[in-house]
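The values are calculated or read from the model by the stated rules, or taken from the named source; none is laboratory data. Fair warning: this is a prediction, and the values are worked out from it, not measured in the lab. Positions of Cβ are generated from backbone atoms using ideal geometry, with glycine treated the same way; all protein chains shown enter the neighbour counts.
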Amino acid sequence: MELQGAFLAADTLFPDATLDEIRATAASRNPALFDRERNLLVMSFHSIVVRAPACAILVDSCVGNDKPRPNNPHWHQRKGPYLDDLAAAGLAPEDIDIVMCTHLHADHVGWNTRLRNGKWTPTFPNAQYLFAKTEIEHWQEVLANSAPGEINHGSWADSVAPILDSGQAMLVSTNHEVADGVALLPAPGHTPGNVIVKLEQQGERAYLTGDVIHHPIQVERPEWSSCFCQDPEESARTRLETLSTVARDNAWLLPAHFPTPTAARVGRAADGFQLAW
Ligand SMILES: [Zn+2]
């Protein structure tokens, strides 16, 4: 967990929703999820470490320390205890075998690198960093037509390019088997090469859904895409499909920004879905 709090206005994140509609959801009445006084969504920024039998996989590497993000005061020049927290979980940077970013927004790539002697260096020296080829190609195309600082808070330059240059990157299909019981599934809409990580062990399933679902409110209202979704309609279709799959499989839903306890189950409700923690 890198960051948690109520800091995003609900009707800013969900431009298709009115404040009245947001306040009518069950999730908005849970103070752990929504600050009703200020109409702010409680959100978290965290990585998920998967300890597969043969490897340790870190999914989504948050915002990072020391990154210049002048347009976001919560992200700018952070000095957080992320690596200490990882150590408390029993993992040194050397222990991570695979880093997987569900997509390449600034809050999912930050700890890919850290500042060492004035240079952005891969944080996880032994890791292979997996990126969806579609996602890399998409941002390369965007960057060809704009200044790097204008895209994703400048995170390509300090958190993605150094990995590509280091030789530790591996570009994969959005349908890819990462390890035994760990697979990538395409989940386009939020970004074109966005993926979900599916875990399966002894009949139990979990879906690490990144930003397919930003906030618990969207379980009740899956048609609300975020203002950060590149293709809101496709994102809504992907979200609906994902919720159906998670409910069908009675699986764990592990999005990148659900606040504590960060994992949920999804049940069918009369007119859609409901959260079951
Ligand atoms: Zn995000």
query = What are the residues in the stretch 69-89 that are within 16 Å of the ligand (Cβ to nearest atom) and surrounded by fewer than 16 Cβ atoms within 10 Å (Cβ to Cβ), if any?
reply = ASN71, ASN72, HIS74
key: Number of the condition not met by PRO53 [criteria: (1) at pLDDT 95 or above; (2) more than 20 Å from the chain's Cα centre (by Cα); (3) more than 25 Å from TRP277 (Cα to Cα)]   = (1)
request  = Under 7 Å between Cβ atoms, at least 6 apart or on separate chains: pull out the pairs that start in the stretch 185-214 with a residue that is more than 15 Å from the ligand (Cβ to nearest atom) and end on any residue that is part of a loop (DSSP other than H, G, I, E, B) and of a type in the set (Gly, Ala, Ser).
outcome  = LEU199/GLY181; GLU200/GLY181; GLN201/GLY181; ARG205/ALA251; ALA206/ALA251; TYR207/ALA251
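Could you check, for the stretch 62-75, whether at least one of its residues is over 29 Å from GLU150 (Cβ atoms) and outside the structural domain of LEU254 (by TED's automatic domain parsing)? Give the derivation first.
Keep residues of the stretch 62-75 that are over 29 Å from GLU150 (Cβ atoms), which gives none.
For the stretch 62-75, residues over 29 Å from GLU150 (Cβ atoms) and outside the structural domain of LEU254 (by TED's automatic domain parsing): absent.
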ask   = Which of the residues that make up the stretch 90-104 are under 20 Å from the mean Cα position of the chain (by Cα) and away from the ligand (no atom under 13 Å from the Cβ)?
value = PRO93, ILE96, ASP97, ILE98, VAL99, MET100
message = Looking at PHE228, PHE258, PHE273, can you tell me which residue is farther than 29 Å from HIS153 by Cα and in contact (Cβ under 8 Å) with a residue 24 or more places away in the chain?
response = PHE273
key: Members of the stretch 10-22 that are of a type outside the set (Asp, Glu) and surrounded by 15 or more Cβ atoms within 10 Å (Cβ to Cβ)   = ALA10, LEU13, PHE14, ALA17, ILE22
ask   = Got a sec? Which of ASP107, ASP66 is within 15 Å of the ligand (Cβ to nearest atom) and among the charged types (D, E, K, R)?
value = ASP107
message = If CYS227 satisfies all but one of (1) crowded, with 16+ Cβ neighbours inside 10 Å; (2) within 17 Å of the chain's Cα centre (by Cα), what's the number of the condition it fails?
response = (1)
request  = Kindly indicate the residue of the stretch 251-263 that is buried (at least 18 other Cβ atoms within 10 Å of the Cβ) and among the hydrophobic types (A, V, I, L, M, F, W, C) and also nearest to the ligand (Cβ to nearest atom) among those meeting that condition.
outcome  = ALA256
query = Is there a residue being hydrophobic (A, V, I, L, M, F, W, C), in contact with a strand residue (DSSP E or B) (Cβ under 8 Å, 6 or more places away or on another chain) and surrounded by fewer than 22 Cβ atoms within 10 Å (Cβ to Cβ) anywhere in the stretch 200-218?
reply = yes
